[in-house]
């Protein structure tokens, strides 16, 4: 018995019974399970990809249908009422005709079957996407076909139904619909705009628009002075603007800008004083917006003062006044609760926009000015100070911009745009204070203008008169070579050139330097009116477009040149120490109006 056990043990040892593992059968079963799982996963993924592709196809088809529907919306309503072309419907496989009970002449067409909707078939050629009403679109991975139908069981009444179907062929997913359909009802109430040319008619309202603007005029000084070069200074006057519009809704705006000064050095760096950003009052009757029916604003002024640039012993200085005051009012129904304009409120319940601004005269600053102090411009030559430009305010006489709707019983009425500009005293270009002598008869400046006023008006609407504009007041005094000529500011003039030669002596009373000052000016052009208007067509006399523009006074350029000749050199040397340009552009004032009568119903 022991012998048998030992033999069995040796056999079992040769079989390696302690080494565990899968049998062939188990391996085959495992592979079969894994293969089945992978096959199921592959099928699920393939099906998912197919539905994802179908989703993309439907999304593209929906976009095509929306595009076609928007094209239909853009057609004149009369085109939709006419519908499709009968000649095309006769060959359309998705349309049936001659159904029981339908009129035979003209042929009645229906969508799909005799139970389908009646197609409107009076369309004209070349009215896509109604004529032709079928087509295809490529450029996508899938080609799409489309058709459009306009249906109405009683074409004499609204609404009309527009049905758009977009289809495609694809093997991505079986057993699903490969088309989308979108529908929309079209209706246009009677109005004033012709249904032959517009998608939908508009309300029977006249259109008015008016703009009135007194710009921020400017005097600019630029060039070289002693140790300064490449600088530029701007003196800005105050400005006002108003505009108003009325059709279905009314809207108005009033705005103003404070006077101020800006100084740029040769490196482009900027300094400014005064001159706050434009302030606006707005009103609007549009119920979908957030702008109130009335708006009012007053100026919160930026204090004036002085800014300057220095180079060597040269200083260039500009000032701006303090104390500007302004108000803007914008009303959609001027009256007790919507006062407009600020200076004399209207009570007619109509659209109104009014702005006014008064330039200040308070310190610091006191006025707009540009000046230079020129010391040691060449060796020890001192020219003293030069006043290049000075602009002072009027007294209680502001700039105004006004747009006002005038109602007339039984007629469309008028819209009147009016501007008025006021400038106190303008003084341009003096001689250096360091000169030992000046020409006989010389005062303080090359040009002086005082108490300037001009205005312009543009009226549109029924019974409107042509636009007007004029210089109401103002005097200029300019150098004529021996003294000053005084004349109305409405006339052009050219100041006489100024040449002053001054000799500077050394301690031994010998001539050391020769200083020559030359001032030349272009013609200084007064404000001029450019007025245009266009009459409306129709039985009632009216202006549909009116424009009155007044250029600024004193428009032109003054050139200021100072040269120093060193007489102590063996060969006298001439050096230009001052080369400045004074550009006067006080701005083009504008009054403008547009009017469109209410169109006839169609």
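The values are calculated or read from the model by the stated rules, or taken from the named source; none is laboratory data. Nothing here was measured: the structure is a model prediction, and the numbers come from that model. Don't worry about glycine lacking a Cβ; one is built from the backbone with ideal geometry, like all the others, and counts go over all protein chains shown.
Worth pointing out:
- Residue match in the stretch 139-154 (condition: closer than 19 Å to residue 77 by Cβ, in a loop (DSSP other than H, G, I, E, B) and touching a strand residue (DSSP E or B) at 6+ places or on another chain (Cβ under 6 Å)): yes
- Candidates 549, 534 - the one that is surrounded by fewer than 17 Cβ atoms within 10 Å (Cβ to Cβ) and either at pLDDT 95 or above or in the same structural domain as residue 481 (by TED's automatic domain parsing) (or both): 534
- Some residue of the stretch 292-305 being free of Cβ contacts under 8 Å to residues at least 12 places away in the same chain, over 20 Å from residue 373 (Cα atoms) and either in the same structural domain as residue 329 (by TED's automatic domain parsing) or more than 25 Å from the chain's Cα centre (by Cα) (or both): yes
- Residue selected from the stretch 547-586 under the condition in a strand (DSSP E or B) and free of Cβ contacts under 8 Å to residues at least 12 places away in the same chain, by the criterion nearest to residue 521 (Cα to Cα): 574
- Looking at 541, 597, just one residue is surrounded by 14 or more Cβ atoms within 10 Å (Cβ to Cβ) and in contact with a strand residue (DSSP E or B) (Cβ under 8 Å, 6 or more places away or on another chain), and that residue is 597.
- Residue in the stretch 293-306 that is part of a strand (DSSP E or B) and farther than 28 Å from residue 250 by Cα present: yes
- So residue 523, is it within 24 Å of residue 423 (Cβ to Cβ), modelled with pLDDT of 95 or more and surrounded by fewer than 16 Cβ atoms within 10 Å (Cβ to Cβ): yes
- In the stretch 256-277, residue surrounded by the most Cβ atoms within 10 Å (Cβ to Cβ) [restricted to those that are outside any strand (DSSP E or B) and in contact with a strand residue (DSSP E or B) (Cβ under 7 Å, 6 or more places away or on another chain)]: 259
A quick yes/no check of all residues on (1) touching a strand residue (DSSP E or B) at 6+ places or on another chain (Cβ under 9 Å); (2) without any contact (Cβ under 8 Å) to a residue 40 or more places away in the chain; (3) part of a strand (DSSP E or B); (4) buried (at least 17 other Cβ atoms within 10 Å of the Cβ):
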{"position": "432", "(1), (2), (3), (4)": "yes, no, no, yes"}
{"position": "443", "(1), (2), (3), (4)": "yes, no, no, no"}
{"position": "450", "(1), (2), (3), (4)": "yes, yes, yes, yes"}
{"position": "458", "(1), (2), (3), (4)": "yes, no, yes, yes"}
{"position": "478", "(1), (2), (3), (4)": "yes, no, yes, yes"}
{"position": "485", "(1), (2), (3), (4)": "yes, yes, yes, no"}
{"position": "491", "(1), (2), (3), (4)": "yes, yes, no, no"}
{"position": "502", "(1), (2), (3), (4)": "yes, no, yes, yes"}
{"position": "517", "(1), (2), (3), (4)": "yes, no, yes, yes"}
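- One residue alone among 201, 218 is modelled with pLDDT of 95 or more and out of contact with any helix residue (DSSP H, G or I) (no Cβ under 6 Å at 6 or more places or on another chain), and that residue is 218.
- From the options 169, 182, residue that is touching a strand residue (DSSP E or B) at 6+ places or on another chain (Cβ under 6 Å) and either at pLDDT below 90 or on the phi < 0 side of the Ramachandran plot (or both): 182
- Listed by first and then second residue, the pairs with beta-carbon distance under 7 Å, at least 6 apart or on different chains, first residue in the stretch 415-426 and outside any strand (DSSP E or B), second modelled with pLDDT of 95 or more and surrounded by fewer than 24 Cβ atoms within 10 Å (Cβ to Cβ), form an empty list.
- Residue ID - farthest from residue 96 (Cα to Cα), chosen from residues in the stretch 114-138 that are free of Cβ contacts under 8 Å to residues at least 12 places away in the same chain and part of a loop (DSSP other than H, G, I, E, B): 138
- Among the numbered conditions (1) over 37 Å from the mean Cα position of the chain (by Cα); (2) surrounded by fewer than 21 Cβ atoms within 10 Å (Cβ to Cβ); (3) at pLDDT 95 or above, the only one that residue 509 does not meet is (3).
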